[in-house]
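One structure is given here, and the rest of the page talks about it.
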Amino acid sequence: MENEIGVLYIVATPIGNLDDITLRAINVLEKVDLIAAEDTRHSLKLLNHLKISKPLISYHRHNEETKTDVLIKELKMGKNIALVSDAGTPGISDPGEEIIRRCIEENIKLVPIPGACAMVNALICSGLDTTEFTFIGFLPLNKKNRNKKLEEIENTNKTIILYEAPHKIKSTLQDLKPFLKNRKIVLARELTKIHEEFIRGNIDEIIDKSENIKGEIVLIIEKDCDIKQENIFDNLTLEDHYKLYEEQGFSKKEIIKKIAKDKNVNKNEIYKKFI
Ligand code: SAM
């Protein structure tokens, strides 16, 4: 009889506090045949803490391509596999993309097992706008690409989230300085750990406060409130705007209300233009 194809579970693990693992993640780690880990020694500590003993296979940036082939073979032979990274959610500034793409190509079932992710937890306590945000991860190291990204950051009206290694945070803040005006910044440090803290201020204040900063850091930047969001309706004449909704069957009253909302003005203002 042919083997059933296995499942790849993408399992989020703690970003510091080992209690931040879900019951479902534990169940999955207990039941899979194999765990693919970014650093097997690192994941072994978590597995020992959970009293789980499983075969581990290393899966990191430098062997992603070859190990993807190995894992796909195992999955096709019916093995269930859990993919974990050193911390947090695999695929978020961590390996994972390659095998996930291949599983989709090969019709192998993927199951996400949600859990900790540094950027989400930093964002929710940042006090900055959470409705729309751009996650950049690590800034590119290549100078040209880095400058391009910094310009993008300068010109965005969305909250920006960056990851940075502690020994590089000072130079990254210096690189960001010319692009940020007085935008608020939050450094979320050592999330879920004993020395967890949120450092807030503008770029100069943050540079001062981060003199001897240690530990893991997420950097969140306030959106540039001076940049007006492009409004697709600004290019429509009032008549065309009206016609657009009329064709969709809305009543005159509804149309006026909708146009006012699209243009972010009082509906009486629009009403007056139609009489
Ligand atoms: N996959 C992970 C996730 O879901 O957040 C991110 C992995 S990435 C290689 C590591 C970076 O995430 C660190 O350099 C830091 O910027 C951020 N990070 C991870 N754990 C953190 C923590 N406990 N506190 C603050 N930042 C953390």
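The values are calculated or read from the model by the stated rules, or taken from the named source; none is laboratory data. None of the values given here were measured: they were computed from a predicted structure. So basically every Cβ, Gly included, is an ideal-geometry build from the backbone, and we count neighbours across all protein chains shown. Quick note on the areas: whole protein, heavy atoms, side chains included, nothing else; ligands and nucleic acids left out. Shrake-Rupley method; radii C 1.70, N 1.55, O 1.52, S 1.80 Å.
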*Take the chain, drop everything but the C-alpha atoms, weight them equally and run the Debye formula without solvent; then report log10 I(q)/I(0) at 0.06, 0.10 Å⁻¹ to two decimals.*
-0.30, -0.71
*Compute the distance in nm between two label points, each set 7 Å from the Cα along the Cα-to-Cβ direction, one at Glu239 and one at Leu23.*
6.5
*Would you be so kind as to identify which of Thr134, His60, Leu244 lies farthest towards the positive end of the dipole of the chain, taking Lys and Arg as +1 and Asp and Glu as -1 on Cβ and the Cα centre as origin?*
Leu244
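Ignoring trypsin sites (Lys or Arg not before Pro) that are buried or in helix or strand per DSSP, and keeping those with at most 14 other beta carbon atoms within 10 Å, what is the longest stretch of the chain between them?
Numbers: sites that count: Lys51, Arg61, Lys181, Lys193, Lys214, Lys228.
Longest gap between qualifying sites, sites excluded: 62-180.
Of all the stretches in the chain, which is the longest one without any exposed loop site, taking GluC sites (Glu not before Pro) in a DSSP loop (any state but H, G, I, E, B) with at most 14 other Cβ atoms within 10 Å? Show your work: numbers first, answer last.
Values: sites that count: Glu2, Glu4, Glu106, Glu132, Glu211, Glu230.
Counting at most 14 other Cβ atoms within 10 Å as exposed, the longest clean stretch of the chain is 5-105.
Skip the ligands, DNA and RNA, and give the accessible area per residue of the chain with a 1.4 Å probe, whole Å². Write down the numbers at each step before the final one.
Details: 16210 Å² over 275 residues.
So the chain comes to 59 Å² accessible per residue, rounded to a whole number.
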_Net +/- balance of residues flanking Asn147 in space, Cβ distance below 12 Å, scoring K and R +1, D and E -1_ = +1
*Could you give the semi-axes, largest first, of the ellipsoid that matches segment 119-221, computed as the square roots of 5 times the alpha carbon gyration tensor eigenvalues and rounded to whole Å?*
19, 16, 13
*In whole angstrom, note down how far apart the Cα centers of segment 112-138 and segment 58-93 are.*
24
*Nearest 20 debye, what's the magnitude of the dipole of the chain about its Cα centre given +1 on Lys and Arg Cβ and -1 on Asp and Glu Cβ?*
440
*Starting at 0 and stepping by 5 Å, how many percent of the alpha carbon pairs of segment 1-139 end up in each bin?*
2, 10, 20, 23, 18, 13, 8, 4, 1, 0, 0, 0
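Excluding Pro178 itself, calculate the net charge of residues whose Cβ lies under 11 Å from the Cβ of Pro178, where each Lys or Arg counts +1 and each Asp or Glu counts -1.
Details: positive: Lys177, Lys181; negative: Glu151, Glu154, Asp175.
That sum, taken over residues with Cβ under 11 Å, equals -1.
In whole percent, what relative contact order does the chain give with Cα contacts below 8 Å and a gap of six or more residues? Walk me through the intermediate numbers first.
On the way: 446 pairs, mean separation 47.6, N = 275.
Reported relative contact order: 17 percent.
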